[in-house]
Structure formats: C-alpha cells, structure tokens
Amino acid sequence: MAALWAARTNPSRRVALLDGARLLGAKILVSGGGRCNVTHHHVDETAFAGSTPAAIRKVLRRFDVAQTVAFFRELGVELKREDTGKLFPITDRARTVLDALVGAARAAGVQLRHPWRVTTAEREGDGFRLVSRAGETLRAPRVLLASGGMSLPKTGSDGGGYALARALGHSLTPRIFPGLVPLRVADGHFVRALSGVAVPAVLELRSARGRKRMAMTGSLLCTHFGVSGPVALDMSRYLLDARHDDPQAQLVVRWLPAHTSETLEGALRALGAATVGGYLQERMPERLARALCAHAGVDPATPGHRLTRDARRALALAVAEMPLPVTGDRGFGFAEVTAGGVPLRELHLDTLRSRACPGLSLCGEICDVDGRIGGFNFQWAWASGYVAGTGAWRDAS
Ligand SMILES: Cc1cc2nc3c(=O)[nH]c(=O)nc-3n(C[C@H](O)[C@H](O)[C@H](O)COP(=O)(O)OP(=O)(O)OC[C@H]3O[C@@H](n4cnc5c(N)ncnc54)[C@H](O)[C@@H]3O)c2cc1C
C-alpha cells in the first residue's frame, strides 16, 4: 500500500519494494481464515490501543472505510459486508486482495524484490544505505519502513524491523507483547474439557482487588488449552497489559450476559419445581450447563426450590461471575497482532515521516497501534500505508 501510493504520487521516482519473505503477503493470505477481513464497516480510534486515540484518529481519517472500499473497487476487488460488520472480498479469497495489490503496485511502476531481507539500514549523506542478508546494497533518498510487528513470525514479520527503526533513531515502547492472542487456562479447568463449545459471553477485566477495569461482550470459544474466540482475543492485550503492573489482574466470565449474580440468584429462586440444569440448558449448551453445575457443586437435577442458599449463591457466581484462571497466552506464534512498537509521537502525523530521521517514514503494525478483531488492523495498515506513501516525497514538515 505504501509503495503503491509512493509510486502513484511521484511517477518520476523509482520505488523498490523489498521484502525478506519468499512468499509475498503471506499474512494477507492467512488472514480472516483465508478470506481476508479487509476492513470493518465502522472504524474509528476507539477500536485501537497503543498510541493516543487523537493520533490514531488523525491517520485513520485520511483514508477511511469508504476510501478503502473505493480503492479496492478500483483494483477490481468488490467487498461485501457480513452481519458482524466485517468486510470481505466477494470472492471469499484472500488471494484476490493480495493479487490486486501486487498487480496495482507493479502497474504503478513499483519494482518488487524478494526475498530481500534488510539487515542494515543506515544514513549515508542525505539518504540511506540498505544492505540485504545476501550482501546486496541499495541506496535510496527515502525509506518507508513497513516491516510489521512480531505476530506470526514465520510470515516474515519477526520483529527484525524494530532493530532497523532503532538504528535510525527511533525508540520503542517499553513493552512489545502479543495482541489478539488465545489465552491459556490452568490445567484441569473445565473449559479445557469443553473444546469447541462457543457461547456469547461477557469477559470482565478485574484488578487483584476485584475492581472492574473493563468489560467486553462477544463469542467465547473453549479450547483444549483455554479460551479463544473474538471476545478472548480482543481482551487478551488488555489483560496482558494490566498484568504487567498488577500480576494478579484476572478475567471474570459472565456466561449469561443478561445476568449478574444477583439477578441470576433471583431467577433460580423463582424456578420452583423446575431443575437448575433445565434452566441453564435452555440458555447455553448442555455440556457447559453441566460443567458449571459441577464447578459449583450442584446436581443439575436439583429443583429450584430445593437449592440451599449457599448452593444457589455458588451456582449464580459460577455462571454470572466466574474467575477464569488464565495462566498466560499462546505467544506471538498464535497472535494476530503486536501491541507496542514505535510511538506515533515520533512521527509527523500528516505524512508519517519520522521526526528522528529525515527521509524515513513508518507505517503499519511496526507503529504502536493495535486494533480489535474485525478488520481494524488492516484498516490501520491501508490508512497508514496511504498516508506514508503519499507523504514520502513531501519535505519534512
Ligand atoms: C493469522 C492472522 C490473521 C489476521 N487476520 C486479519 C484480518 O482478517 N483482518 C485484519 O484487519 N487483520 C488481520 N490480521 C492482522 C494483519 O494481518 C496485520 O495487522 C497487517 O498485516 C499488518 O500489516 P503490515 O504491512 O504492517 O505488516 P505485515 O503484513 O506483517 O508485513 C510486513 C512485511 O515486512 C517484511 N519484513 C519484515 N522485516 C523485514 C526486513 N528486515 N527486511 C525485509 N522485509 C521485512 C515481512 O516479510 C512482511 O512481508 C491477521 C494477522 C494474523 C497473524
């Protein structure tokens, strides 16, 4: 995106796209389950974390969702919106998106060179000298660094770009950690035996002292190692971030989003002769209902009016306020994004040119910006790539 717009903006200059990967755009190909969730119908800064919302907003507004849709249409890629608000190519094939981008870059005159892994980037006179792993050298007056983060390193974005950014005068956030990453839950916990069960749930992030920090609603997927699904992925970076300062910060699951433990106690009290298992099974998968009863030490066949006060309380807490003993995350190999990176305050936001190094621009996931699941991270990549590409030739402001 950045190379394409750099070439379109100034056709008299030569633009070379260097990529260390043997397979170009591997991350696009694996994205969205192979369908590439190109963007979301509504994108604003509230869906992102990292640098300040005002800075993120400034970049996003320069190339919004309507422009993304029009841009891909111009490239021959029609997008369709699904019920979730996510936009995918009508072909349902990520390859369509990648081929269109590569084709458009070539048509704009971009020279694609890969595998060309940049191992050194240094200032030389007014420009830069880049050296590849194979020992080739390339000199350029301008450099756009779009080397991504560290998630799914086998696709080529293995964090090597951070060293290049540092060598050229940038700093990094004190922590760089996985985002949109599945979470591990303690051995023996019942969610691990419910692999494949997915339910709408609320996840709350609470401090060690039990203070509610934030809540998110969405589909929660139980897996053999713990939890995944959109709501767990979205929450992961906030939990990992919170645990840095508060190692006992925890997640609490509300398996019935409509209920608090108090309202659920009321509902159980009103059951009469109906069984608690029956009540739960009408509202969630049977396996989960049984597991929650077992977790609370309650026989699902118990009629509501036979529940002791303690049992009712225990079941209400298990269903509506269950602490989830998260032991960690699955790491960058399973993360869809990287939290942290180069702070946006080190860039001129109108061009994404570096304040630290004249002639350098940065865009995409290498920046300290990470979005929710749903097409937001690509929207950041398109928008920031556009701003960096079109701004590359302008003199530093
Ligand atoms: C499994 C998975 C699924 C995803 N699905 C979606 C989705 O559906 N929707 C969405 O919005 N987001 C999705 N994302 C996130 C999205 O793919 C990224 O946020 C986005 O690709 C970031 O774009 P980027 O260009 O900044 O970095 P990347 O796409 O990571 O590209 C960086 C490129 O730089 C190259 N590179 C790195 N270092 C060097 C070097 N030293 N020399 C030369 N080249 C180098 C790499 O080879 C790579 O090709 C997904 C991520 C993953 C891991």
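Rounded to the nearest whole Å², what accessible area per residue is found for segment 25-125 with the 1.4 Å probe? Don't skip to the end; give the middle numbers.
Numbers: 4960 Å² over 101 residues.
I get 49 Å² per residue for segment 25-125.
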Helix 286-296 vs. the chain, principal-axis angle (Cα, 0 to 90°, nearest 10): 70
How big is the C-alpha Rg of segment 254-327 next to the rule-of-thumb value 2.2 N^0.38 Å, as a ratio? 0.98
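Based on the alpha-carbon gyration tensor of the chain, what equivalent-ellipsoid semi-axes (square roots of 5 times the eigenvalues) come out, in whole Å, largest first?
Working: eigenvalues 447, 86, 59 Å².
With the √(5λ) rule applied to the chain, the semi-axes are 47, 21, 17 Å.
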List the extent of the Cα atoms of segment 89-225 along each of their three principal axes, largest first, rounded to whole Å. 59, 43, 26
Could you work out the relative contact order of the chain, using alpha carbon pairs under 8 angstrom and six or more residues apart, expressed as a whole percent? 24
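Find the Cα radius of gyration of segment 1-147, compare it with 2.2 N^0.38 Å by division, and give the number to two decimals.
Working: Rg = 17.1 Å, N = 147, 2.2 N^0.38 = 14.7 Å.
Compared with the compact-globule rule of thumb, segment 1-147 sits at 1.16.
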Count the net charge of all other residues whose Cβ sits under 14 Å from the Cβ of Gly371, scoring Lys and Arg as +1 and Asp and Glu as -1. -3
Partners for Lys80 among aspartates and glutamates (Cα-Cα distance below 12 Å; same-chain residues under 8 apart left out): Asp92
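Mind scanning Lys27/Lys212; Lys27/Lys58; Lys58/Lys86 and naming the pairs with a C-alpha gap bigger than 24 Å?
Values: Lys27/Lys212 35 Å; Lys27/Lys58 26 Å; Lys58/Lys86 22 Å.
In this structure, Lys27/Lys212; Lys27/Lys58 lie more than 24 Å apart at Cα.
Report, in deg cm²/dmol and to the nearest 500, the calculated mean residue ellipticity at 222 nm for the chain, where each DSSP H run with n ≥ 4 adds -39500 (n - 2.57) and the sum is divided by the residue count. Intermediate values should be presented prior to the final figure.
Numbers: 12 runs with 123 residues, N = 397.
Rounded to the nearest 500, it is -9000 deg cm²/dmol.
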Computed over the Cα atoms of segment 204-263, the Rg and Dmax in Å are 11.8, 34
Report, in degrees rounded to the nearest 10, the 0 to 90 angle that the Cα long axis of helix 230-245 makes with the longest principal axis of the chain. 80
Label point distance in nm, Arg269-Lys80, each placed 7 Å from Cα along Cα→Cβ: 5.0
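Please report the orientation-averaged projected area of segment 1-80, defined via the convex hull of its C-alpha atoms, in nm².
Values: hull surface 28.7 nm².
Quarter of the Cα hull surface area: 7.2 nm².
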Leaving out ligands, DNA and RNA, what percent of the accessible area of the chain is carbon and sulfur, probe 1.4 Å? 50
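Mind checking Rg over Rh on segment 135-293, alpha carbons, Kirkwood formula for Rh?
Working: Rg = 21.8 Å, Rh = 18.9 Å.
Ratio of gyration radius to Kirkwood radius: 1.15.
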Suppose R0 equals 35 Å. What FRET efficiency, 1/(1 + (r/R0)^6) with r the Cβ-Cβ distance, do His114 and Asp246 give to the nearest 0.05? 0.20
Pick from Pro153, Pro200, Pro247: which is most flexible by mean-square fluctuation in a GNM of the chain where alpha carbon atoms under 10 Å apart are linked? Pro247
By how many degrees, between 0 and 90 and to the nearest 10, does the Cα long axis of helix 65-74 differ from the longest principal axis of the chain? 60
Can you tell me the length gained on complete extension of the stretch Ala107 to Arg313, counting 0.36 nm per residue apart and subtracting the Cα distance? 67.5 nm
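Quote the FRET efficiency, to the nearest 0.05, computed for Asp395 versus Arg306 with a Förster distance R0 of 56 Å and r equal to the Cβ-Cβ distance. All intermediate terms of the calculation are to be shown ahead of the outcome.
Values: r = 79 Å, r/R0 = 1.41.
Working from the Cβ atoms, E equals 0.10.
The values are calculated or read from the model by the stated rules, or taken from the named source; none is laboratory data. Just so we're clear, the structure is a prediction, and the values are computed from it rather than from any experiment. When we count neighbours, we look across all protein chains shown, and the Cβ atoms used for this are built from the backbone with ideal geometry, even at glycine. All accessible areas refer to the heavy atoms of the entire protein, side chains included, with ligands and DNA or RNA removed. Shrake-Rupley method; radii C 1.70, N 1.55, O 1.52, S 1.80 Å.
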